[in-house]
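Since every read-out is calculated from the coordinates, none of them should be taken as a lab result. Computed from a predicted model, the values in this text were never measured in an experiment. As a convention, Cβ positions derive from the backbone with ideal geometry for all residues, glycine included, and neighbour counts pool all protein chains shown.
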Amino acid sequence: MAKFELKLPQMGESVAEATIISWLKEVGDTIEADEAVLEIATDKVDSELPSEVDGVLVEILHNVDDVVKVGETLAIIETDGEGSEEAAPTAKAEEVVETLAAAEVAKTVTAAKETVTNDFSNSEKFYSPLVKNIAKEEGISVEELDAIAGSGKDGRVTKNDILDYIKNKGTVQVQPQKTEAPKAAVKEAAKPVAKSTPATLVSVNGGDEIIEMTRMGKLIAHHMVASVQTSAHVQSFVEVDVTNIWNWRKKKKAEFEKREGEKLTFTPIFMEAVAKALKDFPMMNIAVNGDTIIKKKNINLGMAAALPDGNLIVPVIKNADQLNLVGMAKAVNDLAGRARENKLKPDEIQGGTYTVTNVGTFGSIMGTPIINQPQVGILALGAIRKVPAVIETPEGDFIGIRYKMFLSHSYDHRVVNGALGGQFVKQVADYLEAWDSDRDI
């Protein structure tokens, strides 16, 4: 017999850890290669982790809700191995050593987790093990930690955030139990939290139904609130005549599907126009980090997609400006399809530099979307409608039926002024209205 360590694999260059959602197998269960053993979550993506080998699950090293680093061993699977009878005693001895070592590791891991998480189990916020360790060593309470404004993704408190907080507090933090100053500091730090997230009491009667928010729902809620508190949201709206695009797609969609095996929707056409406009206005393709601006080299378009359970997810089309229309259509269809089936990889929702959301899917003619931090802009596509419009011709103006839609651009007024925000969305509109009705696929 041989033992195989099931480890958390690298799931993208920006993914360093994952949370265990559930174990699909129990100790003693037989497992086949490529069979799912557990479910893990990173940010918004839930995915199953399969076994690489056939065998029997003999040990589980982490519990549900544990946060595990990439490369850490999750479980031990016993597999059939080849060996001579002479080697059996040695192998058996090695198994004993491995078992003892694994038990010691499990004991150490459990003790470490208790040390790190016991004091912060009541917090609804996510903190990395490193941040929790620093907080415990410095005597920072959960209320105090919750009050720190995080600069990380989704407002998470990073190592630098907590170290800066400790530095600014000075020597008073060294012995918080002997002075009243830390208590006052905690109360002062907690005030903004009380204002932004008041603990409003809601009365419940016998006919009301209490529904627990899903893990993803909680993440989205915190992310949206943090974005509104971070960015100064401003909107610009432009109405676009997309009659040429409507007629062109109607004429080409059957040919496209027959040749490429893909449906041709309006989304890749709009995404192509946005990618072009971002090349024209690179200061819309930026991120804010404290008091600095990061000008992004790549144009990675996020594409907000609705899930069957009502939540949203934003898969990212990497290097969107380098794709032709066929490539864009394939990327859009692939990501949208796998998003609905919950089969996206963690790296496929990371690294976006600008986001597009289609509110027209639900019949809305316009919207005021919330910026996806740390980006500085998001474009909402309204529903396409047949409307009467004034048509200008050399012979004079007349009224005709046209296909029109609204583009709603939300942008961060801290770094994007009205001129840039307006010019960008107008450029997208110009690209759409200038669509060549004779264009080949």
Report summary line: Computed from the beta carbon distance with a Förster radius of 22 Å, FRET efficiency for Glu32 and Arg338 to the nearest 0.05 stands at 0.40
Query raised in the report: In the stretch 273-390, what is the volume of the convex hull around the alpha carbon atoms, normalised per residue and reported in Å³?
Result: 146 Å³
Query raised in the report: Which links in Lys69/Lys159; Lys25/Lys218; Lys7/Lys136; Lys296/Lys318 stretch past 19 Å when you go from one Cα to the other?
Result: Lys25/Lys218; Lys7/Lys136
Query raised in the report: Among Pro308, Val228, Ala275, whose Cα lies farthest out toward the positive end of the dipole of the stretch 216-312, if unit charges sit on the beta carbon of Lys, Arg (+1) and Asp, Glu (-1)?
Result: Ala275
Query raised in the report: Separation between the His413 and Lys330 pseudo-spin-labels, each 7 Å from Cα along Cα→Cβ, expressed in nm?
Result: 4.4 nm
Report summary line: To the nearest 0.05, the calculated FRET efficiency linking Asn319 and Asn160 through their beta-carbon distance, R0 being 35 Å, is 0.70
Query raised in the report: For Phe4, what is the net charge nearby, where nearby means another residue's Cβ is under 9 Å from its Cβ and Lys, Arg count +1, Asp, Glu -1?
Result: -2
Query raised in the report: Distances over 24 Å make up what percent of all Cα-Cα pairs in the stretch 233-433?
Result: 41 percent
Query raised in the report: How far apart, in nm, are two points set 7 Å out from the Cα along the Cα-to-Cβ line at Val202 and at Ala149?
Result: 2.8 nm
Report task. Determine the dipole magnitude for the stretch 307-439: charges of +1 sit on the beta-carbon of Lys and Arg, -1 on that of Asp and Glu, nothing else is charged, the reference point is the Cα centre, and the result goes in debye to the nearest 20. Result -> 400 debye
**Report entry** Note, ³J(HN,Hα) from phi for the stretch 411-416, Karplus 6.51, -1.76, 1.60, rounded to Hz, x at Gly and Pro
**Finding:** 9, 8, 6, 5, 10, 10
Report summary line: The summed charge of the Val288 Cβ neighbourhood (under 10 Å; Lys/Arg +1, Asp/Glu -1) stands at -1
Report summary line: The local net charge around Tyr403, scoring Lys/Arg +1 and Asp/Glu -1 for residues other than Tyr403 whose Cβ lies under 12 Å from its Cβ, equals +3
Query raised in the report: What GluC sites (Glu not before Pro) in the stretch 269-358 are in a loop by DSSP, with at most 10 other Cβ atoms within 10 Å of the Cβ?
Result: Glu341
